[in-house]
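A.B. asks: Here it is, the structure in full.
The values are calculated or read from the model by the stated rules, or taken from the named source; none is laboratory data. The model shown is predicted, which means the values in this text are computed figures rather than measured ones. In this analysis, Cβ positions are derived from the backbone assuming ideal geometry, glycine residues included, and neighbour counts consider all displayed protein chains. These accessible areas exclude ligands, DNA and RNA; they are computed on the full protein's heavy atoms, side chains included. Shrake-Rupley method; radii C 1.70, N 1.55, O 1.52, S 1.80 Å.
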Amino acid sequence: MRRMLALLLLCNAHALRTPHPLLSSAAAHTYRADAGREFARIAPHIKTSLLENSNKTQDLAAGKALLKKMDRAAQTPADLTAVARRGYIRTVYDDRAFQVAEMFGAAHRAGVKLARGARVASLGGGPGCCVLGYRVFERIAFGSATSRLWVYDYADAWRDDVAALARALDEPIPFGACDLARGLHAPENDEVRALAPTLDVVLLSRTLSEVPDRGWTPFLRELWATLKSGAVVFVKDEQDVEAEAVDLLGGDAWSVPGVRGVFLRHGE
Ligand SMILES: C[S@@+](CC[C@H](N)C(=O)[O-])C[C@H]1O[C@@H](n2cnc3c(N)ncnc32)[C@H](O)[C@@H]1O
């Protein structure tokens, strides 16, 4: 399976120029249109309160500066000021939620086993856009929204953003602390450690690469050892980080050539 993933990654340059069958089929087009409608319905309920009385130009400038730091793994929780978070929400939120929904839809159509009623946690989840993406996926794929959602991050500043998402979805979405740079058994990760054996899906979207020097490997290895059989870890990140995660966990891996994101299923 690892060799297959390496081959798929090597094929990326070609795959980017040719429509991928999984993402360009009639089913994919229908799914994408449904997802667009779902996002359009929910997004105003989330964002109106978060962005009210703010200056768009200032938000975008602060968001850009934050993203630059994130790209260099140079950000700290102190960089997540209100204006920078609004910038993130204005520039990244929709795309990221959509990308997660898109990938789960593609995986589901391809036969990756994803069950309704899943317990789903986003780690390094920021404002919760990834769990929103999962929610949109399940509404379309299963016709209902029966998952339970959690968000963890090392920056407590995201709490209000996750609360806004919970209000919009009219359900509790617990938000807590985690530090991917520390092992799962570090006190910072107490809540995640307690929850992990009950989870069906773990989302790690654009967050491992923010931990310098591959400092996330002890956390991920220990998390994997704690997850139940059949649980899925979804890593969406730089190509080398995704490949390292596959290597580290050695699980059954599934991905779409040319599209960032790999699904790892915990075996028996
Ligand atoms: C680029 S954002 C991604 C947020 C969200 N997962 C997404 O896909 O949009 C990176 C997130 O990782 C968090 N983060 C960075 N280093 C972390 C660490 N050591 N432990 C936990 N979270 C971390 C940041 O606070 C931020 O919310």
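A.B. asks: Eigenvalues of the Cα gyration tensor times 5, then square-rooted: what semi-axes does that give for the chain, in whole angstrom, largest first? Intermediate values should be presented prior to the final figure.
C.D. replies: Values: eigenvalues 132, 102, 75 Å².
Equivalent ellipsoid of the chain: 26, 23, 19 Å, largest first.
A.B. asks: Averaging sequence separations of C-alpha pairs under 8 Å and six or more residues apart, then dividing by the length of region 32-184, give the relative contact order as a whole percent.
C.D. replies: Numbers: 200 pairs, mean separation 36.6, N = 153.
Relative contact order for region 32-184 comes out at 24 percent.
A.B. asks: Given the options A231, A121, A84, which has the most mean-square fluctuation in a GNM of the chain, springs set between C-alpha atoms less than 10 angstrom apart?
C.D. replies: Among A231, A121, A84, the largest mean-square fluctuation in the Gaussian network model of the chain belongs to A84.
A.B. asks: List the trypsin sites (Lys or Arg not before Pro) in region 46-122 that DSSP assigns to loop (not H, G, I, E or B) and whose Cβ has at most 14 other Cβ atoms within 10 Å. Which are they? Don't skip to the answer; put the middle values down first.
C.D. replies: Working: sites: K47, K56, K64, K68, K69, R72, R85, R86, R90, R96, R109, K113, R116, R119; in loops: R72, K113, R116.
Sparse-neighbourhood loop trypsin sites (Lys or Arg not before Pro): R72, K113, R116.
A.B. asks: Any chance you could look up the accessible area of E242 with a 1.4 Å probe, heavy atoms only, rounded to 10 Å²?
C.D. replies: Number for this one is 10 Å².
A.B. asks: Then there is this: For S49, S144, S205, what's the largest-to-smallest order of accessible area, 1.4 Å probe?
C.D. replies: Working: S49 55, S144 35, S205 10 Å².
Highest to lowest solvent-accessible surface, that is S49, S144, S205.
A.B. asks: What do you reckon, how do T30, T198 stack up by accessible area (1.4 Å probe), largest on top? Before the final figure, lay out each step's value.
C.D. replies: Numbers: T30 80, T198 50 Å².
Reading off the accessible areas and sorting them downward yields T30, T198.
A.B. asks: Would you mind classifying region 180-268 by shape? Square roots of the alpha carbon gyration tensor eigenvalues, ordered a ≥ b ≥ c; an a/c under 1.5 is rounded, otherwise it is prolate if a/b is larger than b/c and oblate if not. Walk me through the numbers before you get to the answer.
C.D. replies: Values: a/c = 1.96, a/b = 1.20, b/c = 1.63.
It is oblate, given that a/c is not under 1.5 and a/b is not larger than b/c.
A.B. asks: Taking square-rooted eigenvalues a ≥ b ≥ c of the alpha carbon gyration tensor, is region 108-184 rounded, prolate or oblate, where a/c under 1.5 means rounded and, failing that, a/b exceeding b/c means prolate?
C.D. replies: Oblate shape, in that a/c is at least 1.5 and b/c is the bigger or equal ratio.
A.B. asks: Helix hunt in the chain: which complete DSSP H runs extend at least 18 Å axially by C-alpha with mean Kyte-Doolittle at least 1.0? Show your work: numbers first, answer last.
C.D. replies: On the way: long enough: 26-51 (36 Å, -0.17); 56-71 (22 Å, -0.53); 93-109 (24 Å, -0.53); 129-142 (19 Å, 1.06).
The qualifying helices are 129-142.
A.B. asks: If I compute solvent accessible area with a 1.4 Å probe over the protein chains, what percent of it on the chain is carbon and sulfur? Could you put the intermediate results ahead of the total?
C.D. replies: Values: 6490 of 12020 Å².
The computed percentage sits at 54.
A.B. asks: OK, next. What is the Cα centroid distance between region 68-111 and region 121-195, reported in whole angstrom?
C.D. replies: Centre-to-centre distance over Cα atoms comes out at 13 Å.
A.B. asks: Most fluctuating residue of L208, L67, L180 in a GNM of the chain with Cα springs under 10 Å: which is it?
C.D. replies: Evaluated over the chain, the most mobile residue of the options is L67.
A.B. asks: Pull out a ≥ b ≥ c, the square roots of the eigenvalues of the alpha-carbon gyration tensor of region 82-142, then state rounded if a/c is under 1.5, prolate if not and a/b is larger than b/c, and oblate in the remaining case. It would help to have the intermediate numbers written out before the result.
C.D. replies: On the way: a/c = 2.97, a/b = 2.11, b/c = 1.41.
Prolate is the answer for region 82-142, as a/c is 1.5 or above and a/b outweighs b/c.
A.B. asks: Counting only C-alpha contacts under 8 Å and six or more residues apart, can you give the relative contact order of the chain as a whole percent?
C.D. replies: Values: 442 pairs, mean separation 53.6, N = 268.
Once normalised by length, the contact order is 20 percent.
A.B. asks: Counting heavy atoms of the protein chains only and a 1.4 Å probe, report the per residue accessible area for the chain as a whole number of Å².
C.D. replies: Values: 12020 Å² over 268 residues.
Ligands and nucleic acids excluded, the result is 45 Å² per residue.
A.B. asks: Oh, and also: Would you calculate a helix-derived [θ] at 222 nm for the chain, using -39,500 (n - 2.57) for each DSSP H run of n ≥ 4 and dividing by the full residue count, to the nearest 500? List each step's numbers first, then the result.
C.D. replies: Numbers: 12 runs with 140 residues, N = 268.
After summing the helix terms and dividing by residue count, I get -16000 deg cm²/dmol.
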